[in-house]
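*Asks:* Got a structure for you, questions after.
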Amino acid sequence: MNQFTLYSGPLSMFGAKVEIAAREKGLLFELVMVPFDFDLGYTPKHPEVLRINPKRQVPVLAHGDVELFDSTQLFEYLEDRWPEPPLWPRSVAARAEARKQEHSSDEVFFPHVIRLMGMRANPDPVEAPEWKSAKAGIEAYYLRMEQLLADREYIAGQYSYADIAFYMAQFFAARHTVPLTAEHSNLLAWRGRMIARPPVKLVVGAMVDYLRSQGKVVPELGAQTA
Ligand SMILES: N[C@@H](CCC(=O)N[C@@H](CS)C(=O)NCC(=O)O)C(=O)O
C-alpha cells in the first residue's frame, strides 16, 4: 500500500510544507483540502481531522494504520518510509542542525507571523506596538538567516525540510506585511532557488491562485525584491 491521504487546507502553511516534501519524493497521494473560509477559518472541521488530531488542525496524514498529525512529525514519517531522495542530511551533526533550523522556523520565527495575522482586523496595524515588535522579531530572524546563507545555498547546506519550512514561513510573513527586502540579498537568491524547484512552484502556485481567486494580495515568490 503506497498511497496515503494528506488533509490540508488551501491556505495552510503547515499543510503546504508536507505537500511540498511529498512531491519532492515523487509520492502518489490523495490530497484532501478541508473547508476554509477567510471569515470563519477552518470550519466545519473535516471529520477525519477531528478523529485523528486532538488539536483539530491540518495537516493530518493517514496511511493504512498510521495516522499522524503535526507537519514536523509528518516530515519524519515521509523520510523514514520513503528515504529517497533524502530531505535530511545524512551525517548526524548536519541532520541535527537541519532539524533545529526546521523547528526554529515553526517555533521561533512563525509565532511572530501569527501575531501579525491576529492584527488583520486593525485598519492601520503598522502603528500598533504589537505590530512593531512582531516586525522586529521577523527582521532579526531574517538577518540571522541572511548571515547563515552567506556561505551556502541552502539552510542546512544541502536542500532539506528546513528550507521547505522557512520558505513557507517567510511567504506568510511577506503576505502579512513584513517581506524580504533588497538588503537580504542571500535570502533573495535562496528564495529564487526555492521557487525554481517544481514541487515548491506547484504547491505555492496553487496557494497563489487561491489567494487571487479570493481577491487577496500575493507576495513576491522568487528572487525579485519585494
Ligand atoms: N504545529 C502544527 C500547526 C498546525 C496548524 O496550525 N494548522 C492550522 C492551519 S495552517 C490549522 O489547522 N488551524 C485551525 C485551528 O487551529 O483550528 C503543525 O506543524 O502541523
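*Asks:* Condition check: among the small types (Gly, Ala, Ser) and either at pLDDT 95 or above or on the phi > 0 side of the Ramachandran plot (or both). Does Ala121 satisfy that?
*Replies:* So Ala121 does not fit the description; no.
*Asks:* Mind listing whichever residues of the stretch 169-214 are β-branched (Val, Ile, Thr), over 22 Å from Gly118 (Cα atoms) and part of a helix (DSSP H, G or I)?
*Replies:* The answer is Ile195, Val200, Val203, Val204.
*Asks:* Continuing with the same structure: Name, by its number, the condition in (1) more than 17 Å from Met168 (Cβ to Cβ); (2) in contact with a helix residue (DSSP H, G or I) (Cβ under 8 Å, 6 or more places away or on another chain) that does not hold for Arg152.
*Replies:* For Arg152, the exception is condition (2).
*Asks:* Given the criterion touching a strand residue (DSSP E or B) at 6+ places or on another chain (Cβ under 6 Å) and free of Cβ contacts under 8 Å to residues at least 60 places away in the same chain, identify the matching residue among Glu97, Glu107, Glu146.
*Replies:* The unique qualifying residue is Glu97.
*Asks:* Also, quick follow-up: In the stretch 1-116, which strands (runs of 3 or more DSSP E) lie fully inside it and hold 1 or more residues that are of a type in the set (D, E, K, R)?
*Replies:* Output list reads 29-33, 66-69.
*Asks:* Go through Arg81, Arg99 for me and flag whichever is charged (D, E, K, R) and under 25 Å from Leu149 (Cβ atoms).
*Replies:* Arg99
*Asks:* Going by what's in this entry, would Glu102 be described as within 13 Å of the ligand (Cβ to nearest atom) and free of Cβ contacts under 8 Å to residues at least 12 places away in the same chain?
*Replies:* So Glu102 does not fit the description; no.
*Asks:* Could you grab me the full set of residues in the stretch 172-215 that are hydrophobic (A, V, I, L, M, F, W, C) and within 11 Å of Ala16 (Cα to Cα)?
*Replies:* Once the filter is applied, which keeps residues that are hydrophobic (A, V, I, L, M, F, W, C) and within 11 Å of Ala16 (Cα to Cα), the stretch 172-215 yields Val200, Leu202, Val203, Val204, Ala206, Met207.
*Asks:* Tally time: how many residues in the stretch 43-82 are more than 16 Å from Phe29 (Cα to Cα) and more than 14 Å from the ligand (Cβ to nearest atom)?
*Replies:* Qualifying residue count for the region: 3.
*Asks:* Take the residues of the stretch 1-32 that are among the aromatic types (Phe, Trp, Tyr) and away from the ligand (no atom under 14 Å from the Cβ): which is surrounded by the fewest Cβ atoms within 10 Å (Cβ to Cβ)?
*Replies:* So the residue we want is Phe29.
*Asks:* Among Ala140, Ala162, which is the only one that is touching a strand residue (DSSP E or B) at 6+ places or on another chain (Cβ under 7 Å) and not hydroxyl-bearing (Ser, Thr, Tyr)?
*Replies:* Ala162
The values are calculated or read from the model by the stated rules, or taken from the named source; none is laboratory data. Here the structure is a predicted model, which means the values were calculated and not measured. FYI the Cβ positions are ideal-geometry reconstructions off the backbone, even for glycines, and counts take in every protein chain you see.
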